[in-house]
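Readers should treat all values here as calculations from the given coordinates under stated rules, not as data from a laboratory. In this text, all values refer to a predicted model and were calculated from it rather than measured experimentally. Positions of Cβ are backbone-derived with ideal geometry, glycine not excepted, and every protein chain shown enters the neighbour counts.
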Amino acid sequence: MARRNVTLIYGGAHVGVMGAIAESVLSNGGRVIGVIPQALVELEVAHRGLTELHIVDDMHQRKAMMAGLSDGFIALPGGLGTLEELFEMLTWSQLGFHGKPVGVMNVAGYYSSLLTFLDQGVSEGFMRQAHRDLLLNDTVASGLLDQMAAYTATVTSKLPDE
């Protein structure tokens, strides 16, 4: 990200995978913006060495600010919160609320079952192929960043064909 002059915007903590990625981007001369709710600041997990740190009242404000600041969204392997944020950004894209790329880093096949599940949604008629195609994926960061850089938004109605 630092080599490509891509700013990392994330949840603002110094712990976990994202804390480590933030450190890596910073140590390689990149910019990192964190957005963290006050409750997590009080738990002393805020990363105080970021390029910018925004402290907000709650998780809703955090997600809204992060979405507004971001030019695209990448989900790394994670839990329920990661999935919730991923699907919210995909849904917003499907509805035409934004035209930003959304992708998953399929590290060690972590998201392979999810991608297969989404393909099944298309084959069984619960989802349009155009909506499935909104989710980019790759196993390496450079490939996913290349896809995101080349992304062109297409708005396809969520409504079924008549």
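Brief remarks on what is shown
- Per-bin percent of Cα-Cα distances, the chain [10 Å]: 10, 36, 35, 15, 3, 0
- Gyration tensor (alpha-carbon) shape descriptor, segment 86-154, a/c threshold 1.5: oblate
- Cleavage-rule hits, chymotrypsin sites (Phe, Trp or Tyr not before Pro), segment 79-157, DSSP coil, Cβ neighbours within 10 Å at most 11: 126
- Candidates 99, 49, 72, ranked by Gaussian network fluctuation over the chain, Cα under 10 Å, top entry: 49
- The length gained on full extension between residue 20 and residue 114, counted as 0.36 nm times the residue separation minus their Cα-Cα distance, comes to 31.3 nm.
- Short-range pairs are left out: with C-alpha atoms under 8 Å and at least six residues apart, the relative contact order of the chain is 17 percent.
- Total formal charge among the other residues, if their Cβ is under 15 angstrom from that of residue 63, Lys/Arg +1 and Asp/Glu -1: -3
- Model label sites at residue 84 and residue 64, defined 7 Å from Cα along the beta-carbon direction, differ in position by 1.7 nm.
- Residues in segment 75-90 reached by a label modelled at residue 126 [backbone nitrogen below 12 Å; 7 Å Cα→Cβ]: none
- Taking 0.36 nm per residue of separation and subtracting the Cα-Cα distance, full extension of the segment from residue 154 to residue 2 would add 51.9 nm.
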